[in-house]
Each structure stands twice: as structure tokens, then as C-alpha cells.
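Working notes for the structure below.
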Amino acid sequence: MGFRLLVEGVRDHAIFMLDPLGRVSTWNVGAQRLKGYAAAEILGRDFAQFHSDAERAEGVPRRMLAEARAGAVVREGWRYRKDGTAFWASVTLDPVRDEEGGLIGFATITRDQTRGKEDADRIARVTRNLDIALENMSQGLCLFGADGRLVLANGRCAALFGLAERDMRPGMDHGALLEAIHARLGLPEAERRRRVEDAHARHMALLRQGQEQGQEQGLGGQLQLRLGEEMAVQVTVRRMEDGGWVATYEDVTERLRAEARIAYLAHHDGLTGLANRARFNEALRRELALAERDGARLAVIGIDLDKFKEINDQRGHAVGDRVLVILAERIRGVRAVDELVARLGGDEFAAAKRFDDIAELHGFIGRLEDCLSRPIALDGFELRPDASIGVSLFPQDARTAEALMGNADLAMYRAKAALRERICFYEAEMDEAARSRRALAAALWEAVEREQFHLDFQVQRNVSSGEVTGFEVLLRWRHPDWGLVPPMRFIPLAEECGAIVPIGEWVLRAACREAASWTRPYKIAVNLSAVQLGDEHLAAHVGAILVETGLDPRRLELEMTETAIVTDKVRSLRTLRQIKALGVSIAIDDFGVGYSSLDTLRTFPFDKIKLDRSFMTEVEHTPESKAILRAILALGRSLNIPVLAEGVETRVQLDILDVEGCTEAQGYFLGRPGPITADGAVRPAAPFAIRE
């Protein structure tokens, strides 16, 4: 009786009896508290109602009773209260028998394990997430205990080192893991053991570092494992409070290669592999310091390829790049270890060499010249890049790297300008010339701003009638201190320094404004440089100036040399077509000298051919010049392009042009350049009588 009262009074567990058919026969306070049924509500009812509808449909309660007849059954699962809410239950179903062994029912004990279930589920989720994270890390990870033995490792770790997961078994010590990693490298045993011991010692040193600093956990460090020539692994070690440690392993092979490549490109030319400007300047300063310390001499050499632009224009940039690569390979094949050669950019190179005997320097320069001048066979063509070389010497020419480089450049430009010299040593007067050019360039820019330019006009006449057909516009510069500066002195420099662009725009605007004010509708001829022709907006600028000044486009003629056109022939001809579409005439200037070809005349419908003045100088005296003149005039007639001869200075020259059928002429005999009257009339400048 006392035991029964004890059971019925238990409040933390549901304890009740079932009869052999599974109907509730007793019910304690704990059962009422857990399941929500009073004894009067539940006695005599089937215990299956504590299960879900699905379990009842599947016969789960009946199977539990059947199993319990043979012995105690313990199950966990969801059970349901009177109000329909669920809880996670641990249920024990134990058979109860009489003295003769007959089944009289089942003792049932039910415990609410919901909180334990939630904790277990949460732990399972965390564990599952950790497993997923570990297996999806890009790094390998190992956890070692305080005894140095492996506790766990993720799959990435084995894959990283090319090991099977069974090769990284828990319980193996750190040294054994390193043995397994290095075993794949195929090293001799002694070398393998040396590397394993070194790697283990470095790991342990990182861990001791934390202990020596009194840190219980967190401290460690990084080291790199070099596994042969093909692989580098960065190891990060972190010490734990219990004396164990966590190690992560990251494959940094590609990163190190990229860093090495970046470091290489920071000091080398990406195309040729030669030293670049930064590396050359650094090495030059070092060589200069050594030369000064040892009392040695040092040569700085500036190199510029003479025909590289021509190769690029005619064969394309891909061929130009191959030429540079071939030249670099040649240079690498002949230079000594103490000789520095660099590509500074484009077709510009530089070299440096310390020497005691001048013969050593001449030998080096000779090798360089041979490399740069030997023909190159590419795609069935033989190319000769050639080079201009300038040399500056320490200590006599300069004592700083910058000055030596500048002087070598001056010498190189002197070599480029010379007809017979490819190698030129620096001389002091070169610096004077360079300073003069710099002063002239600065004054040019000031001349644009201060309006120091003015225009002269040279008359152009019909050869047969002597009638004025137009004027060529000629730029003049009167400097306040230097006086009248010759065009041949400042025009090339303006093209070189870029001042030709604003100057050319000023000339075109001023000439158009002047011509628009004349009462007579003469044409004006304005020269264009290669720099202007390279401006893709040139046609728009010309159109805007014509609108601004009100000049009829048919009265404007633009002249350019064929050399200016072939600088970038495709772009130039496109620009000329755009200008011609405005109604402006296009003339090809200085025809017959320099770069002249029938292809350009065929490609573009020029409105005029201007014969170079050099033919007029000799046409009176040499039959060859007269034959060339006759051929060019015949060419103009066949193409229906009028020809204007420049440089006519005598009556005989004019008569020859008339006999040969030349259309127009200009020159001192017909009228010297000068101002023009307000009505567009020519001021008398030379005796010229129109033939009757």
C-alpha cells in the first residue's frame, strides 16, 4: 500500500499501468501533470492516443505492446498531451506478470526529454555546420593535443598534401605527419629526414615563442614549407590553453609565383625581359658609387633604333614587338655579367659599363652595334633596325646619373642627325645646343600667348597667263630680343614639342580671317604638319574656323607632304576625306623628294601636286632634272591633277615650265613673300611681265 502511494505521488515522471490490451488502468500525479488528463478522463482508454495519427495508422503502439510481451521496451519519440501539444518522450514499457507468469499488464514510465532533445539537436547542428565548414575550407586544418598527437584533420588537409585520408589518422604524432608529407617528394632518406626535423623544429619554436612570453593561448606564428620546386605551403600555428595547437595549411604556390612575377616586372621590361628604367636607374647609381670609390671610369650609353617606326608603320606592331624581342636575345647573348643593358620604352635602350681601358668600352659598344645592325629575317622580309648610339663618360662628362643620362641622350641625337656617324661621344658644345633648343621651345610657347607671330603671303600665278591664282600662307616669328627667327629653325622644334598644334590653329584662323576680308576671291594655301594631321578632330576644327571667319571653303587649300601622310596613312587619309567633304582643296607638297609614291596619289584624289623647289635649281642645267620634271607633269596630266612648281627664280625656269605645260608656279621671280594689301592685291616685289 505504501509503494502504491509513493508511485501515485511522483510528480516528475508519468507512471501508469496498462492492461494486457493496452488500456490505461492506473494514473499517477506525474502522468496527469505531463499529459494533461485527469484519472477519470483517461482510465480505460487506449494508450495509442498518446501517439500521433501517423504512428497509429502505421501500428506503432500495437508493435510496442507485442515487443513488450517479450521484455522491457525503451523508445524515444514525440508524444501528445490532451491539448494537442507535443513533447519529446523517453518511454519504458515493462511487462507485469502474476506469480504463475501470466501477463497481467504493462508498467509504463514516461519522461519529458524535450530540453535534452533540443540541446542534442543544437549540438548536432553545430557539429554538422562545423563539419561542413571544415570540409569546405580552402585551407587544410589539423588539431593537435598537448602530447603532439593528431586529434582531427579535415579532408582538405590530406588533399593539399596528396595524401589519402587514412594517412592522416588520429593519434599519429606531428613528426609522423611530416614524414608522410615529405615521403611523396622522392628525396634521399638523409635529405628527407633533415627536412622533416627542420620543419618540426620550426613548428615547435613557434609554439615555444608563446610560452616564453607567458601567453597561455593564441600566440603562434607562420612558416613556409617548401615541398620541392613546385609547391609552397604556408603554415599558421596557434597555441591553445591546454597545450595543444591548431595548424592551418594554405597552398601559396600561385601567390608566390604571382608576387615573384610582379617583383620581376617591377624591374624588367615585360616584352624583352631586359632591365627596365627603374632597374637601370638603380643599377646606374650603384655602379656610379663603385666607380667613384674605386677611381674607375663609367660609360653611360643611350641607344635609339633608327628604323623602328618605319617597321611598325609598314609591317605592324606585332612585327615590331618581335624585332625588339630578337634584339634583346642578341644583346643577352653577347653582354658580360658586369654590363647592364635596359629597355627604357618604345625603341629606346640604355646601357652602362665600368671600365679601366677604353678598349673595353669600344669592345662593348661594338658588340651592341653589331646586335642592332645585323639584318633580321621575318615573314620573308629582311629588316634592318639599325641604331644611333650616344656615349657619356664619368667623370669627365658628368658626375651624376641624371647628367650622364642627359649627356648620352644629347650625343645619341647628334649621332641620329649625322649622315655618316652611328656612334657619337658627348661633347660640351652639345649641352650648349640643347640649352639653346630648350630656350627656343620655351619662347615658342610664349610666342603663342603673346601673339608674336604674323603672316606673309607668296603669290601663286598661272604659268601661261601670269594671272594671280592664289597665295601661299607663310608663318613668320619676330622675337622681341632675337628678331626674325627663321622658320627652318622653329617649325621642326614646334612639331617636336607640340607647340605646332596651337600655332597651326592660329595660322589657319588668321589666314582665313585675312582672306575673307579681301575684295578679290583669291585662294589661300596653308601648310599642315604631321602632328596636326594626326589630330582626329582636325576636320571639325577646320570646319569651325571656316564658319567663324566666313571664308568660302572653296578658297582654302591645305598642303601636306607625303611623309606627313604616311606617318599614319589610314587615319590621315580618313581625315583628309573629311576635310575635302567640307569643300576644301587638298594639295600634296614637296612632291618628288623624300618619301614619294604613286600609291598615295592613287589612294586619294588630291586637287594639286606641288613640285619641290629643288627641281627648279637644276632644271636649267641638267637634262635629268628636266626629264623628271617632264615625267611629273605628264603624271599630273594623266591623273587630271594640276601641278604647281615651287622655287621659280628666273625667266628661263618659267619658260621651261610653260613649254612643258606646267599649270602654276611660285617663287621669287613671281613675287617674294610679304604682306598683302587690304583688297587682296599683290604688292610689287619682283619684275614680272605677263606674256602677250
Degrees between helix 500-516 axis and first principal axis of the chain (Cα, 0 to 90, nearest 10): 50 degrees
Could you tell me what a quarter of the Cα convex hull surface of the stretch 268-426 works out to, in nm² with one decimal place? 8.9 nm²
From the mean inverse distance of alpha carbon pairs (Kirkwood) and the Cα radius of gyration, derive Rg over Rh for the stretch 2-114. 0.94
Take the alpha-carbon centre of the stretch 274-326, take the same for the stretch 58-90, and report the distance between them in whole Å. 90 Å
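Dividing the Cα radius of gyration by the Kirkwood radius, what Rg/Rh value follows for the stretch 137-257? It would help to have the intermediate numbers written out before the result.
Values: Rg = 13.9 Å, Rh = 14.6 Å.
Across the stretch 137-257, the Cα-based Rg/Rh ratio is 0.95.
Expressed as a rounded percentage, what relative contact order does the stretch 138-277 have, with Cα pairs under 8 Å and six or more residues apart?
Details: 211 pairs, mean separation 29.8, N = 140.
The normalised contact order for the stretch 138-277 reaches 21 percent.
Beyond 27 Å, how much of the Cα-Cα pair distribution for the stretch 355-488 remains, as a whole percent? Working shown, then result.
Working: 4604 of 8911 pairs.
The proportion of pairs with Cα distances above 27 Å equals 52 percent.
Please find the FRET efficiency linking Asp357 to Thr563, where r is the Cβ-Cβ separation and R0 is fixed at 45 Å, and quote it to the nearest 0.05. Before the final figure, lay out each step's value.
Details: r = 44 Å, r/R0 = 0.98.
The value I calculate is 0.55.
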How far is helix 253-267 tilted off the main Cα axis of the chain, in degrees rounded to 10, range 0 to 90? 20 degrees
Using Cα positions and a limit of under 22 Å, work out the lysines in reach of Lys580, with same-chain residues fewer than 8 apart set aside. Lys523, Lys569, Lys608, Lys610
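Starting from the Cα coordinates of the chain, work out the convex hull volume and express it per residue in Å³. If you can, show how the numbers build up before the last one.
Working: hull volume 265.1 nm³, N = 692.
In the chain, the Cα hull volume divided by residue count equals 383 Å³.
Looking at the stretch 505-605, which GluC sites (Glu not before Pro) are in a loop (DSSP not H, G, I, E or B) and have at most 14 other Cβ atoms within 10 Å?
Values: sites: Glu505, Glu514, Glu536, Glu548, Glu557, Glu559, Glu562; in loops: Glu536.
Qualifying residues, ordered by number: Glu536.
Tell me, what is the percent relative contact order of the stretch 2-114, built from C-alpha pairs under 8 Å that lie six or more residues apart? Could you put the intermediate results ahead of the total?
Working: 224 pairs, mean separation 29.9, N = 113.
Result for the stretch 2-114 is 26 percent.
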Cα-centre dipole for the stretch 213-337 with unit charges at Cβ (Lys and Arg positive, Asp and Glu negative), debye to 20: 600 debye
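Which peptide among 91-101, 466-476 comes first, and what is the full order, when sorted by highest mean count of other Cβ atoms within 10 Å?
466-476, 91-101
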With each label point set 7 Å from Cα along the Cα-Cβ vector, what nm distance links Val151 and Ala540? 7.1 nm
Stokes-Einstein D for the stretch 447-665 (20 °C, 1.002 mPa s, Kirkwood Rh from Cα pairs), in µm²/s, comes to 118 µm²/s
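Work out the FRET efficiency for Asp370 and Arg285 from their Cβ-Cβ distance, taking R0 = 22 Å, and round it to the nearest 0.05.
Details: r = 29 Å, r/R0 = 1.30.
The formula returns an efficiency of 0.15 here.
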Residue among Pro20, Phe308, His200 farthest towards the positive dipole end of the chain, charges placed on Cβ: Pro20
Once the dipole of the chain is set up from charges on Cβ (+1 Lys and Arg, -1 Asp and Glu), the residue from the list Gly320, Leu103, Thr253 lying farthest towards its positive end is Leu103
Taking 0.36 nm per residue of sequence separation and subtracting the Cα-Cα distance, how much length would be gained by fully extending the chain between Val659 and Leu43, in nm to one decimal? 207.5 nm
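Relative to the present Cα-Cα distance, how much length would full extension add between Val252 and Glu292 at 0.36 nm per residue of separation? Mind dumping the intermediate values first?
Values: separation 40, 0.36 × 40 = 14.40 nm, distance 4.33 nm.
Extra length from Val252 to Glu292 when fully extended: 10.1 nm.
If you average 1/r over every pair of different alpha-carbon atoms in the stretch 84-210 and take one over that average, what Kirkwood value in Å do you get?
The answer is 19.5 Å.
Taking the highest mean first, how do the peptides 376-389, 639-652 order by number of other beta carbon atoms within 10 angstrom per residue?
Details: 376-389: 15.2, 639-652: 18.6.
Result, highest mean Cβ count within 10 Å first: 639-652, 376-389.
So if I place +1 on the C-beta of Lys and Arg and -1 on the C-beta of Asp and Glu, and nothing else carries charge, what would the dipole magnitude of the stretch 268-426 be about its Cα centre? I want it in debye, nearest 20.
On the way: 24 positive and 27 negative charges, 13 e Å.
That gives a dipole near 60 debye.
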With only helices counted (DSSP H, runs n ≥ 4, each -39500 (n - 2.57)), the per-residue ellipticity at 222 nm for the chain, to the nearest 500, works out to -14000 deg cm²/dmol
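Defining a contact as two alpha carbons under 8 Å apart and six or more residues distant in sequence, what relative contact order in percent does the chain show?
Values: 1140 pairs, mean separation 42.3, N = 692.
Rounded, it is 6 percent for the chain.
Place a +1 charge on the Cβ of each Lys and Arg in the chain and a -1 charge on the Cβ of each Asp and Glu, then give the dipole magnitude about the Cα centre in debye, rounded to the nearest 20.
Here the chain has a charge dipole of around 1760 debye.
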Which of the listed residues, Leu361, Ala180, Val459, is farthest toward the dipole's positive end in the chain, when Lys, Arg count +1 and Asp, Glu count -1 at the beta-carbon? Ala180
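Laboratory data are not the source of any read-out in this text; all were calculated from the coordinates shown. Bear in mind that the values here come from a model prediction, so they are computed numbers and not experimental data. Reconstructed Cβ throughout: ideal geometry from the backbone, glycine too, with neighbour counts over all protein chains shown.
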